[in-house]
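This report refers to the structure that appears directly beneath it.
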Amino acid sequence: MRVKRILQEKEAVIQSSVDLTLIDPLIEKYKSKKGNLIPILQGTQDIYGYLPKETFIKISEQTGLKLSEMYGVATFYTQFRLNPVGKYIVKVCHGTACHVQNATAISEAVEDALGIKDGETTEDRLFTLESVACLGCCSLAPVMMIGDETYAKLTGNKAVKIVKEIKIKESN
Amino acid sequence: MKKTKVLVGLASCGIAAGANKVYNKLKALQEADKLDIELKITGCIGMCYREPLVEVIDETGSYLYGEIDEEKAVEIFDKHLKQSEIVKDYVVKSDLFESKDDSFWDGQVKIALRNCGVIDPENIGEYEEHDGYIAIKKILEGKISQEQVIKTVLDSGIRGRGGGGFPTGMKWRFAYNNKADTKYIICNADEGDPGAFMDRSLLEGDPHAVIEGLIIGSYAIDASEGVIYCRAEYPLAIKRLNIAIDQAREKGYLGKDILGVKGFNFDLYVKEGAGAFVCGEETALMASIEGERGMPRKRPPFPAEAGLWGKPSNINNVETFANIPYILLNGAESFSKYGTEKSKGTKVFALTGKINHGGSVEVPMGITIRDIIFKLGGGITDGKKFKAVQLGGPSGGCIPEYLADTIVDYDSVNATGAIMGSGGMVVMDETICMVDIARFFLDFTGKESCGKCTFCRVGTKRMLEILTRITEGEGKEGDIEKLEELAYQIKDNSLCGLGQTAPNPVLTTIKYFRNEYEAHIKDKKCPALNCKKLLTYTINPDTCTGCTVCAKNCPTDAIDGARKEIHFIRQDACIQCGMCFSKCKFDAIILS
């Protein structure tokens, strides 16, 4: 019975919300290339914003990559996420230069404003807060990145204002 | 008459400062006015502290305008571009008159960064006009042998710019000597050191120089395939590299029978990293290219014998490759004439932290740290006191003020306990707590440890716990000795550079700032007034307006006082969270 239940669960998962056909071209492109695991995961994350469990199973079935290897790689690299994220990912830089220019204050201010902690997503799925190692804009520290936009020479208040502006824009 | 050129610095730093808006504004103005000028993008010229930068080159000379916003762009357009009237107030550099920023350029020698901020990085023609792809043509047309190329690199004395400092020519020779049907050449662009951005600048500003360096390397060691492993946090660098690779392929610099030379085949692709600091280590990087977890492998065999996919491979850093075409074109002597006896040439540094002129500079080896910080870097911000400089990121260490006359070359820097590293220079003033900095780096290396070696995996965690305890006022007698003991254990028992160097920030801060550790442990004080838990918060009765904001935000209700009356913090209830300090709009909270 137990075996059956697990199988049913697996099927139920596969019928779930994400559209698995989206990754077909990706699998086709990398299927037979060596060293394909990371590009496939990166491509999948580009599509869904994270790595849905179902995609692991599908990729494994179609490429022959082992689930254990895929999971190992997905949890090793900080880029990969196993949970859905908000529409906007707020990356607060905590590189050395930003640290000495008080990046902690930026994180705290944004945490306060959004009511979430580092790594969490707001309930409305609008924002995910992440602290990152270095964005490479060290002379403009402290910085944060939302989408492709980098915001430089921040203060706590400035950072909160930027986040709130996005919120207002989204609610309109 | 030559057309007036207008260059807008569009590297990541420029864009972050708003250069895109400036470029778009100028573009719109040009189109509206149908003004006959050449408006172009360029990379980072290094003057990040003056971003966004706009350079105007007309028949009279060149004028670099700094801190330009849309409004100023309109002014420059109306005055300089339309009426040839220079807006002198905004000029930060010109070849015609002196400006207050000239000290930033004095002493700089640009070899690796020769084209950054000069050419359009997305246009191969401009690279070619600036001696681009001439070195490889010269080698192929002159039938210069592989041995000769390697010898020139050896003679130039160039050492690995990623931080290791291993002679590049020697590395090439090893790879050349190992015969195999397939060999790989890899460019390490996984610039993971927090606080360093030299490679990003280079890739965004002059991707073709790196590509040409790789082509020359591939010729020298017989590699048929190349990989540029670039961290995913640098989307613009990846984009420009891909553009450059396509252009180079189209022009016949990459692909089969390069430049018509039968049998010289080489192609190149960019591999995006996935966010792991340890992948900057060469064997971990190769594991990552192969699609595995980026864990270092045991050496020997060295990559030159069995590297990527088990084949002989050579791996160099971005800056190393960018220097190669220059060296081959101008001769070993053109490079080795700069520098010290054992460290030749120039080195790019990223100046950041509490420094007035933050940006990237390229200086000859042998210049003193003090000159870099005070002459080029313009000194410490807000007139504060210079305390230390952090070199080499998480693998490096803090060099104190009294050693600032140390010259930059591999051996002198190593002698201080720090390392040259890839070139990140984070300047710290008196407000920075050295114990906190050590804690910061251990937090970083602990998180980034791949977990393979127990000493690195567990040891960094234990060190971090001790350091955190010290910064929170829970330090104990004997903690410093325990940190040192752990540090040496980790250094001795880790497989790769990450573990072997992870304790460096702790060891150097203990070496040079032991009194600060002792103050934390014995007196429960943070001399830099940085560690929150060790501070006493009081209210200055002269500036307190009684607005009640601090009392409202205090999580433990430790602040008494009615509206419009001077408030008071009850020390027995205060948990040193710092909330009142950050919320007070009148600077009335005093730290001591």
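The values are calculated or read from the model by the stated rules, or taken from the named source; none is laboratory data. Since the structure is predicted, the reported quantities are computational estimates derived from the model, not experimental observations. With ideal geometry, Cβ positions are generated from the backbone for all residues, glycine too; neighbour counts draw on all protein chains shown. All accessible areas refer to the heavy atoms of the entire protein, side chains included, with ligands and DNA or RNA removed. Shrake-Rupley method; radii C 1.70, N 1.55, O 1.52, S 1.80 Å.
Quick look at the numbers
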item: Residue within the range B:236-253 that is over 21 Å from residue B:316 (Cα atoms) and of a type in the set (Asp, Glu) present; result: yes
item: Filter result for residue B:206 (acidic (Asp, Glu) and open to solvent by less than 10 Å² (accessible area, probe 1.4 Å)); result: yes
item: The range B:165-175 - residue that is assigned to a helix (DSSP H, G or I) and in contact (Cβ under 8 Å) with a residue 60 or more places away in the chain and, of those, nearest to residue B:197 (Cα to Cα); result: B:168
item: Residue selected from the range B:258-293 under the condition among the β-branched types (Val, Ile, Thr) and over 20 Å from residue B:215 (Cα atoms), by the criterion farthest from the other protein chains (Cβ to nearest Cβ); result: B:283
item: Elements of type helices (runs of 4 or more DSSP H) contained in the range B:447-506, each with 1 or more residues being more than 28 Å from residue B:300 (Cα to Cα); result: B:454-471, B:479-492
item: Residues of the range B:290-346 that turn out to be without any contact (Cβ under 8 Å) to a residue 60 or more places away in the chain and aliphatic (A, V, I, L, M), as a count; result: 1
item: Residues (within 14 Å of chain A (Cβ to nearest Cβ) and either closer than 30 Å to residue B:440 by Cβ or surrounded by fewer than 23 Cβ atoms within 10 Å (Cβ to Cβ) (or both)) located in the range B:153-185; result: B:182
item: Yes/no for residue A:165 being away from chain B (no Cβ under 14 Å), loosely packed, with under 15 Cβ neighbours inside 10 Å and in contact (Cβ under 8 Å) with a residue 24 or more places away in the chain; result: no
item: Failed item in (1) more than 8 Å from chain B (Cβ to nearest Cβ); (2) crowded, with 18+ Cβ neighbours inside 10 Å; (3) closer than 19 Å to residue A:27 by Cα, with residue A:73 passing the rest; result: (1)
item: Tabulated pairs, the range B:136-164, first within 23 Å of residue B:409 (Cβ to Cβ), second part of a helix (DSSP H, G or I) and of a type in the set (Asp, Glu), C-beta under 7 angstrom, 6+ apart or interchain; result: B:161/B:319
item: Residue check for residue A:150: polar (S, T, N, Q) and open to solvent by 10 Å² or more (accessible area, probe 1.4 Å); result: yes
item: Scan of the range A:28-57 for residues that are within 22 Å of residue B:309 (Cβ to Cβ) and either part of a loop (DSSP other than H, G, I, E, B) or more than 13 Å from every other protein chain (Cβ to nearest Cβ) (or both), ordered by number; result: A:29, A:31, A:32, A:33, A:34, A:35, A:36
item: Residues of the range B:31-51 satisfying the condition of being open to solvent by 10 Å² or more (accessible area, probe 1.4 Å) and in contact (Cβ under 8 Å) with a residue 40 or more places away in the chain; result: B:33, B:35, B:37, B:40, B:41, B:45, B:49, B:50, B:51
item: Those residues of the range B:217-239 which are within 14 Å of chain A (Cβ to nearest Cβ) and touching a residue at least 12 places away in the same chain (Cβ under 8 Å), in sequence order; result: B:225, B:227, B:229, B:230, B:231, B:232, B:233, B:234, B:236, B:237, B:238
item: Residue within the range B:107-125 that is of a type in the set (Gly, Ala, Ser) and surrounded by 16 or more Cβ atoms within 10 Å (Cβ to Cβ) present; result: yes
item: Whichever residue in the range B:231-257 is under 21 Å from residue A:80 (Cβ atoms) and among the charged types (D, E, K, R) and, among such residues, is most open to solvent (accessible area, probe 1.4 Å); result: B:233
item: Filter result for the condition that a residue is under 30 Å from residue A:74 (Cβ atoms), away from every other protein chain (no Cβ under 13 Å) and open to solvent by less than 30 Å² (accessible area, probe 1.4 Å), over B:379, B:331, B:345, B:307; result: B:307
item: Test: residue in the range B:218-230 that is at pLDDT 95 or above, touching a helix residue (DSSP H, G or I) at 6+ places or on another chain (Cβ under 7 Å), part of a helix (DSSP H, G or I) and open to solvent by 10 Å² or more (accessible area, probe 1.4 Å); result: yes
item: Matching residues in the range B:398-423 - criterion: being assigned to a loop (DSSP other than H, G, I, E, B) and more than 18 Å from residue B:507 (Cβ to Cβ); result: B:404, B:405, B:408, B:409, B:422, B:423
item: Wholly enclosed helices (runs of 4 or more DSSP H) of the range B:1-105 bearing at least 2 residues away from every other protein chain (no Cβ under 14 Å); result: B:19-33, B:70-76
item: Among (1) modelled with pLDDT of 95 or more; (2) touching a strand residue (DSSP E or B) at 6+ places or on another chain (Cβ under 7 Å); (3) not β-branched (Val, Ile, Thr) - the single one residue B:252 does not satisfy; result: (2)
item: Selected residue (criterion: nearest to residue A:123 (Cα to Cα)) from residues of the range A:83-98 that are of a type outside the set (A, V, I, L, M, F, W, C) and either at the interface with chain B (Cβ under 9 Å from one of its Cβ atoms) or in a strand (DSSP E or B) (or both); result: A:88
item: Within the range B:213-248, tally of residues that are polar (S, T, N, Q) and farther than 18 Å from residue B:136 by Cβ; result: 1
item: Members of the range B:382-421 found to be within 14 Å of another protein chain (Cβ to nearest Cβ) and of a type in the set (S, T, N, Q), listed by number; result: B:390, B:395
item: Condition check for residue B:557: among the acidic types (Asp, Glu), in a loop (DSSP other than H, G, I, E, B), open to solvent by 30 Å² or more (accessible area, probe 1.4 Å) and in contact with a helix residue (DSSP H, G or I) (Cβ under 9 Å, 6 or more places away or on another chain); result: yes
item: Selection from the range B:508-531 of residues that are in contact with a Gly (Cβ under 7 Å, 6 or more places away or on another chain) and crowded, with 21+ Cβ neighbours inside 10 Å; result: B:508, B:520
item: Residue list for the range B:179-213, restricted to those being over 25 Å from residue B:48 (Cα atoms) and of a type outside the set (Val, Ile, Thr); result: B:179, B:180, B:181, B:183, B:184, B:187, B:212, B:213
item: Enumeration of residues in the range A:126-159 that are within 23 Å of the chain's Cα centre (by Cα) and away from chain B (no Cβ under 12 Å); result: A:126, A:127, A:128, A:129, A:159
